[in-house]
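Working notes for the structure below.
The values are calculated or read from the model by the stated rules, or taken from the named source; none is laboratory data. Computed from a predicted model, the values in this text were never measured in an experiment. No Cβ is skipped: glycine too gets one built from the backbone with ideal geometry, and neighbour counts run over all protein chains shown. All accessible areas refer to the heavy atoms of the entire protein, side chains included, with ligands and DNA or RNA removed. Shrake-Rupley method; radii C 1.70, N 1.55, O 1.52, S 1.80 Å.
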Amino acid sequence: MPNSIDTAVVFHEPGRFAGWPANYGMWRWGDEIVVGFTVGAHRTVASGHAIDKRQPFFNMQARSIDGGRSWNSEPFKGNLPGGRGLSADEHMAAGLRLAEVMDAGTATVPPSPLDFSATDSALMLARTGLGRGVFSFFYVSDDRCHSWAGPYRLPDFGATGIAARTDVILQGAQTATFFLTANKSDGDEGRVICVRTRDGGRSFQLLSQVGADLAARGDFAIMPGSVQLRNETLLCARRCRIGTSGLSHIDLFASDDLGESWRRISQPVAFQRPGHSGNPPCLLALRDGRLALLYGNRDSYAICARLSEDGGINWGGETLLRGGGANGDMGYVRAVELDDGTVVAAYYFNDAPGGDGERFIEATRWQP
């Protein structure tokens, strides 16, 4: 690897499956960084996620105070209804799922408008499961993730289910734009919507859908990764799968009216191997004006990045950030940029020979 790339272990324990930072979030204050993830029990499987669905998942977070060079892990410091894990119901057997102890009325409206501009704040979205009937909610912290308030309610916006992962653009003290995965008309997850709060999370308005439905059975456009540029243009990348071919890609949309409408501008990544459903995008607007797109490449079992110098219209070649993966049970990148231009990317990974090893969280520091 180039000298500008180095990697540290965030969380790795024998017999444990640690995964999916993209679902939870990553936040920074100077060189202090926090990333969220979840931990369950490892189990040998022939394919797919190497987890024991008969055992619960627990939400965790890890903190670095030296710009991602070293990390300490701790339990998520918020209210977990029934003590159950967030955003992992589809990976757990009956009797362990969050939706069994929580319904859409469990989460409350914030008692007063939240201040998204507070210096030490963070915001995390969560959900029950996937498919028809799932619902979503969010948490906020005003002390750098040492404690979290919530869960707070997200509406269903007329969909049969909202499966939120953390993707939020903060735009003022009480204004924020949330990008959510909503169900298609067939009840399966599969489209991205853009919603906004102007009163600190007490109410939300549906602004638009990002891109047209991928309407065929098995198609989806999910797990957005979004940024706001200096000229106020919004960009939103989507994880897409075409069910008939089994091929996946990442596409990119732009909005020139703060989310009221969208136009497709590029397809930065097209995966070549069918059947693995792709990987979610992480999009960063770098300090020097370039864009960075980070993702897990399940074709090559690697963590990769691409750069754009023209606002996402054209993209450079693939940069390898972490190779040597054992199989496609990896990725789900979250990333932040430090003041010196270093990008710190966290993801889950698996490099055991033959693929039968714990899934763990790593963080790679990269100078783009």
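Couple of notes before you dig in:
- Out of 266, 248, 261, sole residue that is part of a loop (DSSP other than H, G, I, E, B), among the hydroxyl-bearing types (Ser, Thr, Tyr) and either in contact (Cβ under 8 Å) with a residue 40 or more places away in the chain or closer than 20 Å to residue 214 by Cα (or both): 261
Each row is one residue, and each column tells you yes or no for (1) closer than 20 Å to residue 28 by Cβ; (2) touching a helix residue (DSSP H, G or I) at 6+ places or on another chain (Cβ under 9 Å); (3) of a type in the set (Asp, Glu); (4) surrounded by fewer than 18 Cβ atoms within 10 Å (Cβ to Cβ).
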position	(1), (2), (3), (4)
248	no, no, no, no
264	no, no, no, yes
271	no, no, no, no
275	no, no, no, yes
283	yes, no, no, no
286	yes, no, no, yes
294	yes, no, no, no
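- Residue 310 vs. criteria modelled with pLDDT under 95, of a type in the set (D, E, K, R) and in a loop (DSSP other than H, G, I, E, B): no
- Top-ranked residue of the range 96-133 - restricted to ones that are closer than 20 Å to residue 60 by Cα and basic (Lys, Arg), ranked as nearest to the chain's Cα centre (by Cα): 127
- On the stretch given as the range 2-39, residues that are β-branched (Val, Ile, Thr), out of contact with any helix residue (DSSP H, G or I) (no Cβ under 9 Å at 6 or more places or on another chain) and closer than 15 Å to residue 330 by Cβ total 2.
- Residues that are open to solvent by 30 Å² or more (accessible area, probe 1.4 Å), in contact with a strand residue (DSSP E or B) (Cβ under 8 Å, 6 or more places away or on another chain) and small (Gly, Ala, Ser), drawn from the range 106-120: 117
- Verdict on residue 227 being surrounded by fewer than 23 Cβ atoms within 10 Å (Cβ to Cβ), closer than 18 Å to residue 127 by Cα and either under 19 Å from the mean Cα position of the chain (by Cα) or modelled with pLDDT of 95 or more (or both): no
- The single condition among (1) surrounded by 17 or more Cβ atoms within 10 Å (Cβ to Cβ); (2) of a type in the set (Ser, Thr, Tyr); (3) in contact (Cβ under 8 Å) with a residue 24 or more places away in the chain that residue 147 does not meet is (1).
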